[in-house]
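Below: the structure, in structure tokens.
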Amino acid sequence: MAQLSMFNQSHSLSDVVFTPDVVAQDIIGYFKPTGIVLDPCKGDGSFYRNYPAGVHARYCEISEGLDFFNFTEKVDWIIGNPPYSIFYDFMQHSYKLADDIVYLIPTNKVFQSWKLMKSIQGYGGICTMLVYGSGHLVGFPFGFSVGAFHFRKGYHGKVTLQFRTPPNTART
């Protein structure tokens, strides 16, 4: 299924929320991805351009004609800020591609549906939640709390919860 067919124009415009570089850098610095790393929806590139040296960085970006749902290559990590209105579908496709997934999302997205929580449990689980506070604190146009969630295939251990002081979100 094509990404654009999954949501209407009004949702697609509200799903465009660019991540400040300092937030992407904080997330990448915390998780330290290696190998092949995919940014599934590059946007202005804050995750993609901040991946560490030595990783093989890949990306998708629907506005460039690179639809995440057409990407089929296995990768080691997926790290990014997906469209919230089709988050469940993003997770389902991500499970097929990577053993480690980190998404910066409103925290309620993970817990608002039993269907999603069961799919996460079937995949593995949540290793880590880095909670940054309200979206406004990290430069997002909403007040919902946001966090970087690390999902790992086959993981059934304890969840690390860390409240992060939002980095200075002045865009670079």
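The values are calculated or read from the model by the stated rules, or taken from the named source; none is laboratory data. All figures in this text were calculated on a predicted structure; none of them were measured in a lab. When we count neighbours, we look across all protein chains shown, and the Cβ atoms used for this are built from the backbone with ideal geometry, even at glycine. For accessibility, only protein heavy atoms count, side chains too; no ligands or nucleic acids. Shrake-Rupley method; radii C 1.70, N 1.55, O 1.52, S 1.80 Å.
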- Task: Rounded to the nearest 0.05, what FRET efficiency do Phe111 and Thr165 give with R0 = 25 Å and r taken as the Cβ-Cβ distance? Could you check?
- Result: 0.65
- Counting only residues 5 or more places away or on other chains, whose amide H sits under 5 Å from the amide H of Gly125 once H atoms are built in the peptide plane? Arg152, Gly154, Tyr155
- Note on the structure: Too long for a 21 Å Cα-Cα cut-off, among Lys96/Lys158; Lys74/Lys109; Lys118/Lys158; Lys115/Lys153; Lys42/Lys118, are Lys96/Lys158; Lys74/Lys109; Lys42/Lys118
- Message: If you filter the range 133-167 for trypsin sites (Lys or Arg not before Pro), then keep DSSP loop positions with at most 12 other Cβ within 10 Å, what is left?
- Response: Lys158
- Under-5 Å amide H pairs with Ile36, H placed in peptide plane, nonlocal only: His56, Asp76, Trp77
- Task: Find the relative contact order for the chain and round it to a whole percent, using C-alpha pairs within less than 8 Å whose residues are 6+ positions apart.
- Result: 22 percent
- Surface share of carbon and sulfur [accessible, 1.4 angstrom probe, percent] for the chain: 56 percent
- Diffing the range 145-153: the Karplus 3J(HN,Hα) column from phi (6.51, -1.76, 1.60, θ = phi - 60°), in whole Hz with x for Gly and Pro, holds 5, 10, x, 9, 9, 9, 9, 10, 4
